[in-house]
1. Pick from Glu107, Glu42, Glu30: which is most flexible by mean-square fluctuation in a GNM of the chain where alpha carbon atoms under 10 Å apart are linked?
2. Lys/Arg Cβ at +1, Asp/Glu Cβ at -1, dipole of the chain taken about the Cα centre: which of Leu141, Gly130, Ser101 is farthest positive-ward?
3. What spacing in nm lies between the two simple spin-label points modelled at Glu107 and Met1, each 7 Å away from Cα in the Cβ direction?
4. Based on the Cβ-Cβ distance of Asn50 and Gln24, what FRET efficiency does E = 1/(1 + (r/R0)^6) give at R0 = 22 Å, to the nearest 0.05?
5. Along the Cα-to-Cβ line of Thr129, 7 Å from the Cα, sits a label point; which residues in the stretch 1-18 have backbone N less than 20 Å from it?
6. Starting from the stretch 52-99, pick out the GluC sites (Glu not before Pro) whose DSSP state is loop and whose Cβ has at most 11 other Cβ atoms within 10 Å.
7. If you build the convex hull over the alpha carbons only and average its shadow over all orientations, what do you get for the chain? Give it in nm² to one decimal.
Amino acid sequence: MLLVLNGPNLNRLGLREPGVYGVQTLEDLERQCEAWGAELGESVTCRQSNYEGQLLDWIHEAQEQGFRGIVLNPGALTHYSYALRDAISGQSVPVVEVHLSNVDARESFRHQSVTAAVCRGKISGLGFTGYRLALEYLTELQAE
Ligand code: DQA
């Protein structure tokens, strides 16, 4: 059982800066993640929130709810949310940070991630494919 969390503004996919984030919607992304989960034999639950506290609550509850891995795109919270960082490091479910765009090729404030260091790893710039790779990794990790 894997959890996919998308943070602030990711509900605007398809409308928001399509040159950067593409024309597909959050619903497209979530359906893809569920389909990839089915191929991997994993049930995938997708959630999105524009609220930092909601993301924290979902991370706090993940283990108790039976999730064995989290794919997290924190949106702009990546760059400054120590609360999100503490939520990730304060629990034991492995988290993979994913960004649709190549954050290192963009504005300098996006080069810093305060969350990546407490995640298993970070995938950036591969669009939806990054979520698939993260789901594959987390599935393999459970088999170890
Ligand atoms: C993002 C990159 C962030 O810098 C930005 O604030 C987002 C989306 C991405 O998926 O590329 O909201 O996380």
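1. Greatest mean-square fluctuation among the candidates belongs to Glu107.
2. Ser101
3. Placing both labels 7 Å beyond Cα along the Cβ direction yields 3.9 nm.
4. Numbers: r = 19 Å, r/R0 = 0.87.
Approximately 0.70, to the nearest 0.05.
5. Within reach of a label on Thr129, which here means backbone N under 20 Å from a point 7 Å along Cα→Cβ, the stretch 1-18 contributes 14, 18.
6. Glu64
7. Details: hull surface 30.6 nm².
If you wrap the Cα atoms of the chain in a convex hull and average its projections, you get 7.6 nm².
Each reported figure results from applying straightforward, stated rules to the coordinates on display, with no laboratory input. All values derive from a computational prediction rather than experimental measurement. Positions of Cβ are backbone-derived with ideal geometry, glycine not excepted, and every protein chain shown enters the neighbour counts.
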